[in-house]
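Just below is one structure, and these are the notes that go with it.
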Amino acid sequence: MGKHRILILGGTTEARQLAAALALRTDCDILLSLAGRTAEPIAQPVPSRSGGFGGSDGLAGFLEAENFDLLIDATHPFAARISHNAEIAAGSTGIAFFALRRSAWKQQPGDLWTCVRSIPEAVTALGAAPKRVFLAIGRQEVFHFEHAPQHQYLIRSVDPVLPQLGVPDARYLLATGPFEEAAERALLTGNRIDVIVAKNSGGTATYGKIAAARALGIPVIMVERQQPDDVRTVETVKDALGLVDHLLSPAMKRGV
(Lines give C-alpha, C1' and ligand atoms only; values in the text may rest on other atoms or scores of the structure.)
Protein backbone atom coordinates (compact mmCIF):
# COMPACT_ATOMS: atom_id res chain seq x y z
CA MET A 1 0.00 0.00 0.00
CA GLY A 2 1.22 3.49 -0.82
CA LYS A 3 1.91 6.14 1.73
CA HIS A 4 -0.82 8.44 3.03
CA ARG A 5 -0.30 11.88 1.53
CA ILE A 6 -0.91 14.74 3.95
CA LEU A 7 -0.93 18.45 3.13
CA ILE A 8 -0.32 20.72 6.12
CA LEU A 9 -1.12 24.41 5.72
CA GLY A 10 1.46 25.88 8.07
CA GLY A 11 3.45 28.88 9.17
CA THR A 12 3.05 28.26 12.92
CA THR A 13 5.21 26.55 15.51
CA GLU A 14 2.50 23.90 15.88
CA ALA A 15 2.56 23.17 12.15
CA ARG A 16 6.32 22.66 12.26
CA GLN A 17 6.07 20.40 15.33
CA LEU A 18 3.27 18.36 13.75
CA ALA A 19 5.19 17.97 10.50
CA ALA A 20 8.30 16.85 12.40
CA ALA A 21 6.31 14.23 14.33
CA LEU A 22 4.58 12.91 11.20
CA ALA A 23 7.91 12.80 9.36
CA LEU A 24 9.00 10.04 11.75
CA ARG A 25 6.25 7.78 10.45
CA THR A 26 7.00 5.45 7.57
CA ASP A 27 3.41 5.41 6.28
CA CYS A 28 3.03 9.16 5.61
CA ASP A 29 4.21 11.49 2.88
CA ILE A 30 4.06 15.08 4.14
CA LEU A 31 4.04 18.41 2.32
CA LEU A 32 4.07 21.61 4.35
CA SER A 33 2.68 24.70 2.63
CA LEU A 34 3.74 28.19 3.77
CA ALA A 35 2.04 31.45 2.85
CA GLY A 36 5.34 33.01 1.78
CA ARG A 37 4.84 36.26 3.71
CA THR A 38 7.94 35.95 5.87
CA ALA A 39 11.14 37.01 4.11
CA GLU A 40 13.31 34.38 5.79
CA PRO A 41 11.19 31.48 7.03
CA ILE A 42 12.92 29.09 9.40
CA ALA A 43 13.94 25.67 8.12
CA GLN A 44 11.18 23.07 8.02
CA PRO A 45 11.47 19.37 8.93
CA VAL A 46 9.66 18.12 5.79
CA PRO A 47 9.39 19.11 2.11
CA SER A 48 7.68 22.48 1.81
CA ARG A 49 6.19 24.85 -0.75
CA SER A 50 5.62 28.59 -0.53
CA GLY A 51 2.81 30.80 -1.82
CA GLY A 52 -0.93 30.62 -2.36
CA PHE A 53 -3.04 28.18 -4.37
CA GLY A 54 -5.38 30.56 -6.17
CA GLY A 55 -8.33 30.42 -3.79
CA SER A 56 -10.44 27.45 -2.78
CA ASP A 57 -10.75 26.17 -6.36
CA GLY A 58 -6.99 26.21 -6.81
CA LEU A 59 -6.47 24.39 -3.51
CA ALA A 60 -9.11 21.79 -4.43
CA GLY A 61 -7.39 21.21 -7.77
CA PHE A 62 -4.00 20.84 -6.05
CA LEU A 63 -5.39 18.33 -3.55
CA GLU A 64 -6.88 16.19 -6.30
CA ALA A 65 -3.97 16.45 -8.73
CA GLU A 66 -1.46 15.45 -6.04
CA ASN A 67 -3.70 12.70 -4.57
CA PHE A 68 -3.71 13.94 -0.99
CA ASP A 69 -5.62 11.89 1.60
CA LEU A 70 -5.74 14.45 4.39
CA LEU A 71 -5.68 18.26 4.70
CA ILE A 72 -4.65 19.89 7.98
CA ASP A 73 -5.11 23.63 8.53
CA ALA A 74 -2.37 24.61 10.99
CA THR A 75 -2.13 28.24 9.88
CA HIS A 76 -2.07 31.25 12.19
CA PRO A 77 -5.35 31.79 14.09
CA PHE A 78 -5.81 35.02 12.11
CA ALA A 79 -5.21 33.54 8.66
CA ALA A 80 -8.96 33.57 8.10
CA ARG A 81 -8.90 33.60 4.30
CA ILE A 82 -6.79 30.48 3.82
CA SER A 83 -8.76 28.73 6.59
CA HIS A 84 -12.00 29.53 4.77
CA ASN A 85 -10.55 28.33 1.47
CA ALA A 86 -9.34 25.13 3.10
CA GLU A 87 -12.80 24.40 4.49
CA ILE A 88 -14.39 24.91 1.06
CA ALA A 89 -11.74 22.87 -0.77
CA ALA A 90 -12.05 19.98 1.67
CA GLY A 91 -15.82 20.03 1.29
CA SER A 92 -15.74 20.06 -2.50
CA THR A 93 -13.16 17.25 -2.78
CA GLY A 94 -14.43 15.12 0.10
CA ILE A 95 -10.93 14.90 1.55
CA ALA A 96 -10.50 14.34 5.29
CA PHE A 97 -9.89 17.69 7.01
CA PHE A 98 -9.33 19.26 10.40
CA ALA A 99 -7.76 22.37 11.93
CA LEU A 100 -4.97 22.56 14.51
CA ARG A 101 -5.54 25.81 16.37
CA ARG A 102 -3.86 26.73 19.64
CA SER A 103 -6.33 27.83 22.29
CA ALA A 104 -7.03 31.55 22.62
CA TRP A 105 -5.85 33.55 25.63
CA LYS A 106 -8.43 33.96 28.36
CA GLN A 107 -8.86 37.22 30.26
CA GLN A 108 -7.36 37.01 33.77
CA PRO A 109 -8.09 39.08 36.89
CA GLY A 110 -6.28 42.39 36.44
CA ASP A 111 -6.40 42.32 32.64
CA LEU A 112 -7.77 45.58 31.20
CA TRP A 113 -9.04 44.28 27.86
CA THR A 114 -11.30 45.92 25.34
CA CYS A 115 -12.27 43.12 22.95
CA VAL A 116 -12.96 43.98 19.31
CA ARG A 117 -13.68 41.92 16.20
CA SER A 118 -11.33 43.56 13.70
CA ILE A 119 -8.37 45.90 13.25
CA PRO A 120 -10.61 48.79 12.05
CA GLU A 121 -12.60 48.38 15.28
CA ALA A 122 -9.32 48.52 17.20
CA VAL A 123 -8.47 51.84 15.52
CA THR A 124 -11.80 53.26 16.66
CA ALA A 125 -11.36 51.86 20.17
CA LEU A 126 -8.17 53.90 20.65
CA GLY A 127 -10.37 57.00 20.92
CA ALA A 128 -9.73 60.61 19.97
CA ALA A 129 -7.25 61.61 22.68
CA PRO A 130 -3.58 61.14 21.63
CA LYS A 131 -1.93 58.08 23.13
CA ARG A 132 1.37 56.21 22.96
CA VAL A 133 0.34 52.98 21.27
CA PHE A 134 2.24 49.71 20.99
CA LEU A 135 1.10 47.86 17.86
CA ALA A 136 1.85 44.15 18.15
CA ILE A 137 -0.33 42.89 15.30
CA GLY A 138 2.22 42.02 12.62
CA ARG A 139 2.63 44.20 9.53
CA GLN A 140 -0.22 43.19 7.22
CA GLU A 141 -2.91 45.46 8.72
CA VAL A 142 -0.88 48.29 10.22
CA PHE A 143 -2.04 50.67 7.47
CA HIS A 144 -5.47 50.94 9.12
CA PHE A 145 -3.95 53.11 11.83
CA GLU A 146 -3.35 55.92 9.33
CA HIS A 147 -6.97 56.77 10.15
CA ALA A 148 -5.82 57.75 13.65
CA PRO A 149 -2.75 59.94 13.04
CA GLN A 150 -3.05 61.72 16.41
CA HIS A 151 -1.38 58.82 18.23
CA GLN A 152 2.31 57.96 18.62
CA TYR A 153 3.00 54.43 17.44
CA LEU A 154 5.63 51.85 18.31
CA ILE A 155 5.23 49.06 15.75
CA ARG A 156 6.85 45.65 16.19
CA SER A 157 7.02 43.13 13.36
CA VAL A 158 9.18 40.30 12.06
CA ASP A 159 9.65 41.92 8.64
CA PRO A 160 9.73 45.66 7.81
CA VAL A 161 6.47 47.57 7.41
CA LEU A 162 6.50 48.76 3.79
CA PRO A 163 5.39 51.33 3.00
CA GLN A 164 5.82 52.88 6.40
CA LEU A 165 2.82 54.36 8.16
CA GLY A 166 1.68 57.76 6.91
CA VAL A 167 1.44 59.34 10.37
CA PRO A 168 3.56 62.02 12.07
CA ASP A 169 5.01 59.79 14.80
CA ALA A 170 5.76 56.11 14.18
CA ARG A 171 8.77 54.08 15.23
CA TYR A 172 9.56 50.56 14.08
CA LEU A 173 11.01 47.59 15.92
CA LEU A 174 12.06 44.44 14.04
CA ALA A 175 12.01 41.41 16.34
CA THR A 176 11.10 37.74 16.40
CA GLY A 177 9.61 36.03 19.45
CA PRO A 178 9.44 34.47 21.88
CA PHE A 179 9.19 37.57 24.05
CA GLU A 180 9.69 37.21 27.81
CA GLU A 181 7.53 39.13 30.27
CA ALA A 182 10.46 40.94 31.91
CA ALA A 183 11.73 42.25 28.58
CA GLU A 184 8.21 43.27 27.58
CA ARG A 185 7.82 45.21 30.84
CA ALA A 186 11.04 47.08 30.09
CA LEU A 187 9.85 47.82 26.56
CA LEU A 188 6.47 49.13 27.73
CA THR A 189 7.84 51.28 30.55
CA GLY A 190 10.83 52.52 28.56
CA ASN A 191 8.53 53.75 25.80
CA ARG A 192 5.85 54.97 28.24
CA ILE A 193 3.19 53.00 26.40
CA ASP A 194 -0.41 53.95 27.21
CA VAL A 195 -2.20 51.14 25.38
CA ILE A 196 -1.39 47.93 23.47
CA VAL A 197 -3.18 46.67 20.37
CA ALA A 198 -2.79 42.89 20.07
CA LYS A 199 -4.36 39.92 18.33
CA ASN A 200 -5.56 37.01 20.44
CA SER A 201 -3.04 34.60 18.94
CA GLY A 202 -2.85 32.24 21.90
CA GLY A 203 0.26 30.28 22.82
CA THR A 204 3.22 31.32 24.94
CA ALA A 205 5.62 32.98 22.46
CA THR A 206 3.93 36.38 22.46
CA TYR A 207 2.02 36.23 25.75
CA GLY A 208 4.75 38.17 27.57
CA LYS A 209 3.28 41.54 26.54
CA ILE A 210 -0.14 40.53 27.88
CA ALA A 211 1.29 39.47 31.24
CA ALA A 212 3.41 42.63 31.35
CA ALA A 213 0.40 44.81 30.58
CA ARG A 214 -1.55 43.16 33.41
CA ALA A 215 1.30 43.76 35.87
CA LEU A 216 1.69 47.40 34.80
CA GLY A 217 -2.03 48.18 34.54
CA ILE A 218 -1.80 49.00 30.83
CA PRO A 219 -5.01 48.56 28.80
CA VAL A 220 -5.03 46.11 25.88
CA ILE A 221 -7.27 46.38 22.85
CA MET A 222 -7.64 42.70 22.00
CA VAL A 223 -8.65 41.69 18.49
CA GLU A 224 -10.51 38.40 18.82
CA ARG A 225 -10.46 35.58 16.28
CA GLN A 226 -13.12 35.22 13.61
CA GLN A 227 -12.78 31.55 12.73
CA PRO A 228 -15.54 29.25 11.42
CA ASP A 229 -17.28 27.37 14.24
CA ASP A 230 -18.20 24.24 12.28
CA VAL A 231 -14.68 23.00 11.45
CA ARG A 232 -13.36 20.03 13.39
CA THR A 233 -10.59 21.51 15.53
CA VAL A 234 -7.92 20.30 17.95
CA GLU A 235 -5.75 22.53 20.12
CA THR A 236 -2.54 20.54 20.58
CA VAL A 237 -0.05 18.67 18.42
CA LYS A 238 -0.67 15.55 20.52
CA ASP A 239 -4.39 15.67 19.79
CA ALA A 240 -3.65 16.32 16.11
CA LEU A 241 -1.50 13.18 15.92
CA GLY A 242 -4.28 11.17 17.53
CA LEU A 243 -6.80 12.49 15.04
CA VAL A 244 -4.48 11.68 12.11
CA ASP A 245 -4.42 8.07 13.35
CA HIS A 246 -8.19 8.04 13.62
CA LEU A 247 -8.81 9.53 10.18
CA LEU A 248 -6.31 7.33 8.38
CA SER A 249 -7.15 4.06 10.13
CA PRO A 250 -10.04 3.04 7.82
CA ALA A 251 -7.75 3.45 4.83
CA MET A 252 -5.11 1.35 6.58
CA LYS A 253 -7.60 -1.44 7.18
CA ARG A 254 -8.76 -1.41 3.56
CA GLY A 255 -5.16 -1.75 2.45
CA VAL A 256 -4.43 -4.85 4.54
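For the reader, a short list of remarks on this structure follows.
- Single residue of the range 225-256 satisfying the filter (touching an Asp or Glu at 6+ places or on another chain (Cβ under 9 Å), under 17 Å from T26 (Cα atoms) and modelled with pLDDT under 80) that is most open to solvent (accessible area, probe 1.4 Å): M252
- Hits in the range 191-202 - residues which are under 19 Å from A125 (Cβ atoms) and open to solvent by 50 Å² or more (accessible area, probe 1.4 Å): D194
- Within the range 164-187, being in contact with a strand residue (DSSP E or B) (Cβ under 7 Å, 6 or more places away or on another chain), of a type in the set (A, V, I, L, M, F, W, C) and open to solvent by 70 Å² or more (accessible area, probe 1.4 Å) holds for one residue alone: L174.
- Within the range 100-109, considering residues that are buried (at least 19 other Cβ atoms within 10 Å of the Cβ) and modelled with pLDDT under 95, the one nearest to R214 (Cα to Cα): R102
- Test result for R156, among the basic types (K, R) and touching a Leu at 6+ places or on another chain (Cβ under 6 Å): yes
- Among the residues of the range 218-247, those that are farther than 30 Å from L112 by Cβ and assigned to a loop (DSSP other than H, G, I, E, B) comprise D230, V231, R232.
- Selection from the range 141-163 of residues that are surrounded by 13 or more Cβ atoms within 10 Å (Cβ to Cβ) and farther than 21 Å from D194 by Cβ: F143, V158, D159
- Note on the range 203-217: residues that are buried (at least 16 other Cβ atoms within 10 Å of the Cβ), free of Cβ contacts under 8 Å to residues at least 60 places away in the same chain and over 17 Å from the mean Cα position of the chain (by Cα) amount to 2.
- Scanning the range 110-130 for residues that are outside any strand (DSSP E or B), open to solvent by less than 60 Å² (accessible area, probe 1.4 Å) and within 21 Å of A215 (Cα to Cα) yields G110, D111, L126.
- The range 76-97: number of residues that are among the aromatic types (F, W, Y) and more than 16 Å from the chain's Cα centre (by Cα): 1
- Meets criteria (touching a residue at least 24 places away in the same chain (Cβ under 8 Å) and not small (G, A, S)) for Q140: yes
- Of all residues in the range 172-187, one or more are touching a helix residue (DSSP H, G or I) at 6+ places or on another chain (Cβ under 6 Å), within 25 Å of W113 (Cβ to Cβ) and assigned to a loop (DSSP other than H, G, I, E, B).
- Being more than 23 Å from the chain's Cα centre (by Cα) and among the β-branched types (V, I, T) holds for only one residue in V197, V167, V223, and it is V167.
- Just one of (1) outside any helix (DSSP H, G or I); (2) closer than 16 Å to V197 by Cα; (3) over 20 Å from the mean Cα position of the chain (by Cα) fails for W105. It is (3).
The values are calculated or read from the model by the stated rules, or taken from the named source; none is laboratory data. Predicted, not measured: the structure shown is a model, and the values here were computed from it. Neighbour counts run over all protein chains shown; Cβ positions are idealised from the backbone, glycine included. These area figures cover heavy atoms from the full protein model, side chains too; ligands, DNA and RNA do not enter into them. Shrake-Rupley method; radii C 1.70, N 1.55, O 1.52, S 1.80 Å.
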